[in-house]
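Below: the structure, in structure tokens.
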Amino acid sequence: MRARQAGQRVALVPTMGYLHEGHLSLVDRARRQAEWVALSIFVNPLQFGPSEDLARYPRDLERDLAAAGARGVDLVFAPEVAEMYPHGEPAVVVVAEHLQDRLCGAVRPGHFRGVLTVVAKLLGIVRPDTAVFGQKDFQQSVLIRRMVRDLDIEVEIDVAPTVREADGVAMSSRNSYLRPDERAQARALYEALSVGRDRFRAGWTVASDLLKSMRAVLSAYPLVKVEYLEVVDAETLESLSRVSPGCVAAVAAYLGETRLIDNVVLD
Ligand code: PAF
């Protein structure tokens, strides 16, 4: 790769496309860390369960190429499934043992096996100095950090703060699925997490009290069906009964057919 030969630092922003400002903020962040920024667009079938939204996942490559170009991305890597998995489903995959069975992993079996496997492949193909991910996918970022640490993969993992819409909703390609009434109630997730964080800042440390106050917010939004709401340790992802600085409050909820996730660090 020419950039590497010229001694330039290379950054990778892995995405599944349908780029929004959240992704593009990762590009800006990558740019601050490297002279050469690559962005991958790949809707990875390995991380979708049989009843999940692989077929209808939003895609618009032309719009993505324009957005990436306008933001100064040097290379877009947008492989076909057959290029990434030429021999079908890989026989060797990356599994994160117990860490992948908590939070989202508990309700999306096999999801993180698919994520870690494709991220390992992308890191192997692009060989960046740094790779940038979003904090919205909190469990994903924890597992990726553990993967590069435990497997001695030579790359820095940078995790960027969640970019939010004006009403606090975390930017996500899946927000495009929401009906207007669902979109209006999607704010409940961040509103609840913010209440939890405010109470923690006010001195509350009993997790069940924080969870109760957050559940009270969520229950005011009838379209929101909570899948999980937990306060966890930021490394082990274990649920806590006592909360200390650096723990994470995380939520997953359905609005109609659309599953949204969000989290905040209790600081
Ligand atoms: O966060 C995502 O968009 C995906 O999980 C990732 C990291 C690009 C792997 O497919």
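The test for being within 16 Å of the ligand (Cβ to nearest atom) and buried (at least 17 other Cβ atoms within 10 Å of the Cβ) holds for Q140.
Residues in the range 1-19 that are away from the ligand (no atom under 11 Å from the Cβ) and in contact (Cβ under 8 Å) with a residue 40 or more places away in the chain were compared, and the one that is surrounded by the most Cβ atoms within 10 Å (Cβ to Cβ) is A11. Taking the range 236-257 as the range and being under 20 Å from the mean Cα position of the chain (by Cα) and either aromatic (F, W, Y) or more than 16 Å from D137 (Cβ to Cβ) (or both) as the test, the residues that pass are T236, E238, S239, G246, C247, Y254, L255, E257. For E62, the stated conditions hold: it is modelled with pLDDT of 95 or more, more than 15 Å from the chain's Cα centre (by Cα) and farther than 26 Å from P161 by Cα.
Can you tell me which of V224, V217 is in contact with a strand residue (DSSP E or B) (Cβ under 6 Å, 6 or more places away or on another chain), free of Cβ contacts under 8 Å to residues at least 40 places away in the same chain and farther than 22 Å from S244 by Cβ?
Values: V217 fails: in contact with a strand residue (DSSP E or B) (Cβ under 6 Å, 6 or more places away or on another chain).
Answer to the selection: V224.
Residues considered: L39, L65, L46, L75. Of these, the only one that is surrounded by 14 or more Cβ atoms within 10 Å (Cβ to Cβ) and either closer than 22 Å to Q139 by Cβ or of a type outside the set (A, V, I, L, M, F, W, C) (or both) is L46.
Restricted to helices (runs of 4 or more DSSP H) entirely inside the range 20-123, those with at least 3 residues that are closer than 25 Å to E227 by Cα are 103-107.
Residue check: is L39 within 14 Å of the ligand (Cβ to nearest atom), touching a Pro at 6+ places or on another chain (Cβ under 9 Å), under 16 Å from D129 (Cβ atoms) and modelled with pLDDT of 95 or more? Considered against the rule, which asks whether it is within 14 Å of the ligand (Cβ to nearest atom), touching a Pro at 6+ places or on another chain (Cβ under 9 Å), under 16 Å from D129 (Cβ atoms) and modelled with pLDDT of 95 or more, L39 comes out as yes. Scanning the range 143-161 for residues that are among the acidic types (D, E) and either within 12 Å of the ligand (Cβ to nearest atom) or within 21 Å of L54 (Cα to Cα) (or both) turns up nothing. Looking across the range 102-121, the residues that are more than 15 Å from A252 (Cβ to Cβ) and either more than 13 Å from the ligand (Cβ to nearest atom) or within 16 Å of the chain's Cα centre (by Cα) (or both) come down to G110, R113, G114, V115, L116, T117, V118, V119, A120. Considering L260, L266, L240, the condition of being surrounded by 15 or more Cβ atoms within 10 Å (Cβ to Cβ), closer than 14 Å to A188 by Cβ and modelled with pLDDT of 95 or more is satisfied by L260 alone. Does any residue of the range 67-82 turn out to be within 16 Å of the chain's Cα centre (by Cα) and either away from the ligand (no atom under 12 Å from the Cβ) or not aliphatic (A, V, I, L, M) (or both)? Among the residues of the range 67-82, not one is within 16 Å of the chain's Cα centre (by Cα) and either away from the ligand (no atom under 12 Å from the Cβ) or not aliphatic (A, V, I, L, M) (or both), which makes the answer no. The condition of being more than 30 Å from E257 (Cβ to Cβ) and touching a Lys or Arg at 6+ places or on another chain (Cβ under 6 Å) holds for only one of I153, I157, that being I157.
List the helices (runs of 4 or more DSSP H) inside the range 162-267, counting only whole elements, that have at least 2 residues being over 26 Å from E52 (Cα atoms) and not aliphatic (A, V, I, L, M). Don't jump to the end; show me each part of the working.
Working: elements: 180-185, 187-201, 207-218.
Counting at least 2 such residues, we get 187-201, 207-218.
The values are calculated or read from the model by the stated rules, or taken from the named source; none is laboratory data. This structure is a prediction, so every number in the text was calculated from the model and none was measured. Neighbour counts run over all protein chains shown; Cβ positions are idealised from the backbone, glycine included.
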